[in-house]
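Accompanying notes for the structure given below.
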Amino acid sequence: MTNSPVSSSEGNSFDLLDPRIQHWIWASGWTELREAQDRAIPLILDGSEDLIIAASTASGKTEAAFLPILTRMVAPSPHPLLAIYISPLKALINDQWRRLEELTEKLEIVVTPWHGDIGQQRKERFLKSPQGCLLITPESLEALLCRRGHGLAGLLSRLAYVVVDELHAFIGTERGKQLQSLLHRIEKALGRPVMRIGLSATLGDMEGAAAFLRPDSSRNVSMIDSKGGGNELKVLVKGYLESTSSGANDPESAGVAKAAIASDLFRVLRGSSNLVFPNARSEVEYYADSLRDSCEQMGLPNEFWPHHGNLSKEVREGTEEALKQIDRPATAICTSTLELGIDIGPVKSVVQIGPPPSVASLRQRLGRSGRRKGEPMILRAYCIEEESDDPGISELLRENLLTTTAMVRLLAEGWYEPIRARKMHASTLVQQLLSTISQYGGAHAQRLWDLLCVSGPFRAVTSAQFASLLRELAKREIVFQDHTGLLFLAPAGERMTEHYTFYAAFATEEEYSIVSGNQTLGSMPITRPLSPDSYLIFAGRRWQVVSISSNEKVVEVKPAAGGTVPKFNGTMGADTHDRVREEMRKILRSSLAVPFLDAKGQELLAGARGNYCRMGLDHKWILQSGGEVQIMLWCGDVIKDTLALMLQQRGNRLAYEGGLSIPVKGATAESVREHLKELADGPAISPLELASSVQNKIGEKWDGLLPVELLDASFASAKLDVGGVQSVLRTRFNEE
DNA sequence: GACCTGCTGCGGAGTG
């Protein structure tokens, strides 16, 4: 292939591919293999190590994995091979299915998509001839193991590769723990390791990702980190001041800043395609409605479309289609639904309203713009600060503007939050235990312990905790042990594993469907049912409620002129990282101008710096104000929350609602100082003891089935950092 | 004090 039209920067990866695949590459008009593809091909063909491919969106990661996998599949062999591709989204499976079909058309390789929306016929065809590429979700794979476990070794006997897409979306979550367990159970059933390939755009640290992909380190994980040429970054952060003093209860005056932001967005975004991230579904509804209304007022076709997780598939696909149309401008107002790799067209700029949840998330969002060579990435951020008669510390230090400024600076430095995967997820152990018993139709306690906790991913669980979990499940008649020592599912356990809701590792609430005529607009939580005739803004439009059916959980609506933005049930917020809070303090201590702030932003920052000096915050971190004491730790939320619990456990009364400080009520600075000194220098309190003092620890799906001590341990692993508290307190005392 | 994701087997009606 000396005159091959496709060049390869290093080595001869192209030459290693099957000629038919080489022809496909040529016919697709590619002039060269991307760096990640070039490097991945020999490693995947060799197959003796695991692999992580981290490369930017639209850099051909999927092809990097599948070009060599398909080459292996079409090579002459007595046994046809099988590859499993695991995706966190059904939409992504459908995308990849289309792309792979195009590639495999002439190769006679069967590609089988498998998730909840795929018909039974296709699934049965795969079960009869389990080869080719299986594209599946973790939940469907769980169901496969749980229900067809007997034949698993036969079914997957040809398995040669496991590809995990969007790896970062799994790390540190219940779904990620479930996925690790599934991969381990498959290898144990086969009695051999299978090459694992992780694909990701954003990875804070590659070592952490490797430890996630192969937790027992029994195989080496190679890494391809192809960051790609960074496009120029253009940033503008705008500040807004909202007065909430005196007339604060007047609903008309609340939202002046939001209206100003909406009108600025209309002015700068019209005529191009953009993504707007306002941080909350209710805010998405506000801006989508307001911007669509502005288009209508001016007699223009609508360019603004909503996208969030409570909107129906049809509404979301409508927005995605509008974005893909290159010849017509379209801007999506969205939540993190548009952060993952669903295929949307190129966008000119990304708008962030309010502080981003994390630097990593900001980076992922920004990666959606400036995708073409030479085009800059454009970020416009809007920050609303409040001004009241009785300002708190967060208000005086302009926390929203300051957080956004700190995150933009860290982003520009190239820093983002490393992966945190120290959580035990004992809730998911309950699922894996029951699923494994179902898979084998009964199992010895010792075997389950070995499989899940000794060689498997629940390494943080002790044998005593595991034994107490089995006793708890037996007490609840979910499992029982026969005279030979085998564990079986009891009737309650069988009902659990047979119900379709068992296969997802994460919990969700029940919701009402919102229906207009024969169109389903989406769904809403049922904790706040609407009264008939009330008005509602949903899917970026205005509606009136016609009827509510509690039995069928359906709200019927019709178009209307009025409406208010709905409330959704938010869960706990994101944990801001230590480094972000340190950067915020650094900005307050400096007097240098921040060039990407607008005039109002500069003015607000100058005020915050003045307040920081006036309060003496450079050396003082325990402040007395009236009967309240404020503790300023300048650390991330996990440590701050842990200290709040420690103080509460020692009898302090807190008025803690997040923010920059921990307020202690009815105390003196001296007494609080004494407590903090003892905590800093005294023996470290055990995280389990601290956890046992916490009232509501139920957070994950099966937490309610855990014995007390295991629940405490699982809570502590996810939420507490006692060592971190001591270390931060010592730093603060030393600085005085 | 954000956001997001996913799900089997069967029975019955309707159609070719």
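The values are calculated or read from the model by the stated rules, or taken from the named source; none is laboratory data. In this text the structure is predicted, and so the values were computed from the model without any measurement. Glycine gets a Cβ as well: all are built from the backbone with ideal geometry, and neighbour counts include every protein chain shown.
Quick notes
- A:I631 vs. criteria in contact with a Ser or Thr (Cβ under 7 Å, 6 or more places away or on another chain) and assigned to a helix (DSSP H, G or I): no
- Where helices (runs of 4 or more DSSP H) sit wholly within the stretch A:140-238, those with at least 3 residues that are more than 22 Å from the chain's Cα centre (by Cα) and crowded, with 19+ Cβ neighbours inside 10 Å occupy A:174-190.
- Exclusive hit being under 21 Å from A:Q431 (Cα atoms), without any contact (Cβ under 8 Å) to a residue 60 or more places away in the chain and within 27 Å of the chain's Cα centre (by Cα), set A:D712, A:D703: A:D712
- Candidate set: the stretch A:155-170, residues that are in contact with a Gly (Cβ under 6 Å, 6 or more places away or on another chain) and more than 12 Å from DNA strand B (Cβ to nearest atom); chosen: the one nearest to A:G442 (Cα to Cα): A:V164
- Taking the stretch A:148-174 as the range and being out of contact with any Phe, Trp or Tyr (no Cβ under 6 Å at 6 or more places or on another chain) and either of a type in the set (D, E, K, R) or not assigned by TED's automatic domain parsing to the domain that holds A:I53 (or both) as the test, the residues that pass are A:R148, A:R158, A:D165, A:E166.
- Search result, residues across the stretch A:567-590 that are surrounded by fewer than 13 Cβ atoms within 10 Å (Cβ to Cβ) and either at pLDDT below 95 or closer than 17 Å to A:V237 by Cβ (or both): A:N569, A:G570, A:T571, A:M572, A:G573, A:K586, A:S590
- Residue list for the stretch A:495-508, restricted to those being more than 9 Å from DNA strand B (Cβ to nearest atom) and in contact (Cβ under 8 Å) with a residue 24 or more places away in the chain: A:M496, A:T497
- Of all positions in the stretch A:654-664, at least one carries a residue that is within 16 Å of DNA strand B (Cβ to nearest atom), over 22 Å from A:G354 (Cα atoms) and not hydrophobic (A, V, I, L, M, F, W, C).
- Considering the stretch A:119-131, and only residues there that are under 23 Å from A:M73 (Cα atoms) and not in a loop (DSSP other than H, G, I, E, B), the residue that is nearest to DNA strand B (Cβ to nearest atom) turns out to be A:K123.
- Scanning the stretch A:644-653 finds one or more residues that are assigned to a loop (DSSP other than H, G, I, E, B) and on the phi > 0 side of the Ramachandran plot.
- Unique match (being at pLDDT 95 or above, more than 9 Å from DNA strand B (Cβ to nearest atom), among the aliphatic types (A, V, I, L, M) and on the phi < 0 side of the Ramachandran plot) among A:L134, A:L152: A:L134
- A residue that is crowded, with 16+ Cβ neighbours inside 10 Å, within 13 Å of DNA strand B (Cβ to nearest atom) and part of a helix (DSSP H, G or I) cannot be found anywhere in the stretch A:592-614.
- Qualifying residue in the stretch A:85-92 (condition: crowded, with 19+ Cβ neighbours inside 10 Å, within 18 Å of A:P19 (Cα to Cα) and in the same structural domain as A:L159 (by TED's automatic domain parsing)): no
- Selection of the stretch A:435-487 for residues being buried (at least 20 other Cβ atoms within 10 Å of the Cβ), assigned to a loop (DSSP other than H, G, I, E, B) and not aliphatic (A, V, I, L, M) yields A:G456, A:P457, A:F458.
- Count of residues meeting criterion [within 21 Å of A:G176 (Cα to Cα) and in contact (Cβ under 8 Å) with a residue 60 or more places away in the chain] in the stretch A:439-455: 4
- Evaluated against (1) crowded, with 23+ Cβ neighbours inside 10 Å; (2) under 25 Å from the mean Cα position of the chain (by Cα), A:I41 falls short on exactly one condition, (2).
- Residues located in the stretch A:83-118, provided they are near DNA strand B (Cβ under 9 Å from one of its atoms) and assigned to a loop (DSSP other than H, G, I, E, B): A:S87, A:P88, A:L89, A:H115, A:G116, A:D117, A:I118
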